[in-house]
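As structure tokens, the structure follows; a few thoughts come after it.
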Amino acid sequence: MANDESLSRAHHPILHPGTRELTEGGFSREEVALANRNSGTLLEMLRHDVTPPGLHYLLIHFDVPYVPSAADWALDIGGLVERPLKLTLDELKRCPQRTLCVTLECAGNGRAAITPRSPSQPWHTEAVGTAEWTGTPLKALLERAGMVAGARDVVFHASDRGFDCGVEHDYARSLTPEQALGDDVLLAWAMNGAALLPQHGFPLRLLVPGWYGMASVKWLNRIEVIDRQFDGFQQVGTYMYRKTADEQGVPVTTMRVRSLMVPPGIPDWYTRRRLIEPGRVELFGRAWSGQGVPIAKVEVAAAGHWREARLDPVPDRYAWRGCHFEWHATPGEHELMCRATDAKGETQPIEQRFDRGGFGNNAVHRVQVTVR
């Protein structure tokens with residue numbers, strides 16, 4: 001993989017989304033095609049504590065690899081380790097296992113609201129979902145393999161391959177040894193109690209709770225410990241916060257605090273604008289933050305006045321938290337907004353900060369409502 005990627009770079013200078021020509025206005029044919037391949041969670045499904053697998057958001061960079069049977073598959077753990085490992089799925093399942101309820105969000109969620117924007121998957125707010133993931137803690141396997149002195153990065157290689165900005169590569173991401181040895185990092189083979197679906201990474205994927213979804217590598221087939229900082233395209237060519245095309249940027253890592261509402265009432269088919277009857281309306285939403293930081297409060301605004309919502313009991317550490325708000329709707333046009341604050345004091349901004357790649361958009365959620 002490293003040789004292939006280096007060869008591609010020699011002929012195609014690395015470009016990151018921040019260097020693509022920014023655009024405004026309607027979506028291109030390519031963006032529409034990406035939207036047809038990748039799916040988001042239906043916001044009315046936020047009422048489910050655990051998102052049904054077929055409704056959990058999906059971002060597929062290249063093609064879904066065809067794995068006819070897990071019987072012919074194995075995971076390699078090598079590089080700077082004392083005892084290289086090759087493990088079948090059955091062998092992984094016989095290792096100690098854990099189940100974690102984890103909210104995952106795409107780093108580009110909300111990109112469509114940024115203008116000008118970098119052409120890419122045009123998410124609005126729907127690229128998020130929560131599932132119960134079962135797998136083997138990565139820490140135990142790395143300790144079994146024995147990372148040697150001088151280990152700098154742990155690289156997770158997937159079996160999906162393609163081009164991005166002219167660079168041919170297998171999808172791959174890395175963590176530092178300290179991050180990879182975190183107690184909650186899993187090699188997951190099950191989602192909501194069933195085998196992973198092909199689109200969710202069958203037969204094995206990485207799960208890095210509290211981080212944006214790009215870190216949870218799907219279709220994982222090889223883990224490599226290296227003595228240098230990993231410079232694969234998906235690590236340094238993209239998933240970097242950049243305001244200008246020429247800056248080095250800051251890596252995208254853990255999720256920013258965010259909340260979303262279930263749109264009230266009923267929708268207009270084409271515009272999705274909401275229509276409701278006047279009177280008492282029970283609003284419901286979800287809020288989450290990165291690194292397992294709990295949600296401290298959620299506020300809802302109608303007519304520009306912010307009031308606190310009622311929170312559900314604290315969920316699992318990495319799962320979103322439900323919130324409720326009673327709104328007395330009066331006839332007319334309204335904009336509802338919600339914002340969350342986490343236990344570290346981070347609050348969603350009213351307006352989105354600009355990012356060339358469209359990453360980390362956690363501005364307040366706005367819903368346009370007509371009360372009849």
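Overview of values
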{"item": "Among residues of the range 317-357, those that are polar (S, T, N, Q) and exposed (fewer than 14 other Cβ atoms within 10 Å of the Cβ), counted", "result": "1"}
{"item": "Answer from ARG307, ARG366 - the residue that is of a type in the set (D, E, K, R) and either under 28 Å from the mean Cα position of the chain (by Cα) or at pLDDT below 95 (or both)", "result": "ARG366"}
{"item": "LEU75 at pLDDT 95 or above, farther than 30 Å from SER259 by Cα and among the hydrophobic types (A, V, I, L, M, F, W, C)", "result": "yes"}
{"item": "Residue in the range 111-121 that is within 21 Å of ALA188 (Cα to Cα) and either under 21 Å from the mean Cα position of the chain (by Cα) or in contact (Cβ under 8 Å) with a residue 40 or more places away in the chain (or both) present", "result": "no"}
{"item": "Yes/no for PRO349 being modelled with pLDDT under 95 and farther than 21 Å from GLY265 by Cα", "result": "no"}
{"item": "In the range 76-90, the residues that are acidic (Asp, Glu), more than 27 Å from the chain's Cα centre (by Cα) and closer than 20 Å to MET147 by Cβ", "result": "GLU82"}
{"item": "Residue match in the range 43-60 (condition: surrounded by fewer than 12 Cβ atoms within 10 Å (Cβ to Cβ), out of contact with any Lys or Arg (no Cβ under 6 Å at 6 or more places or on another chain) and at pLDDT 95 or above)", "result": "yes"}
{"item": "Any hit, the range 99-108, residues being of a type in the set (S, T, N, Q), farther than 26 Å from VAL50 by Cβ, modelled with pLDDT of 95 or more and not assigned by TED's automatic domain parsing to the domain that holds PHE359", "result": "no"}
{"item": "Residues (of a type in the set (A, V, I, L, M, F, W, C) and within 19 Å of ALA188 (Cα to Cα)) located in the range 34-74", "result": "VAL50, LEU55, LEU58, LEU59, ILE60, VAL64, VAL67, ALA70, ALA71, TRP73, ALA74"}
{"item": "Among residues of the range 236-276, those that are more than 30 Å from ALA296 (Cβ to Cβ), out of contact with any helix residue (DSSP H, G or I) (no Cβ under 9 Å at 6 or more places or on another chain) and crowded, with 20+ Cβ neighbours inside 10 Å, counted", "result": "0"}
{"item": "Strands (runs of 3 or more DSSP E) (entirely within the range 42-117) containing at least 2 residues that are touching a Ser or Thr at 6+ places or on another chain (Cβ under 7 Å)", "result": "98-105"}
{"item": "Any hit, the range 230-240, residues being part of a loop (DSSP other than H, G, I, E, B), of a type outside the set (Ser, Thr, Tyr), without any contact (Cβ under 8 Å) to a residue 40 or more places away in the chain and over 23 Å from GLY79 (Cα atoms)", "result": "no"}
{"item": "Number of positions in the range 53-75 that are among the hydroxyl-bearing types (Ser, Thr, Tyr) and over 25 Å from the mean Cα position of the chain (by Cα)", "result": "1"}
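The values are calculated or read from the model by the stated rules, or taken from the named source; none is laboratory data. Keep in mind that this is a model prediction, so the values were computed, not measured. Note that we place each Cβ from the backbone using ideal geometry, even for glycine, and neighbour counts take in every protein chain shown.
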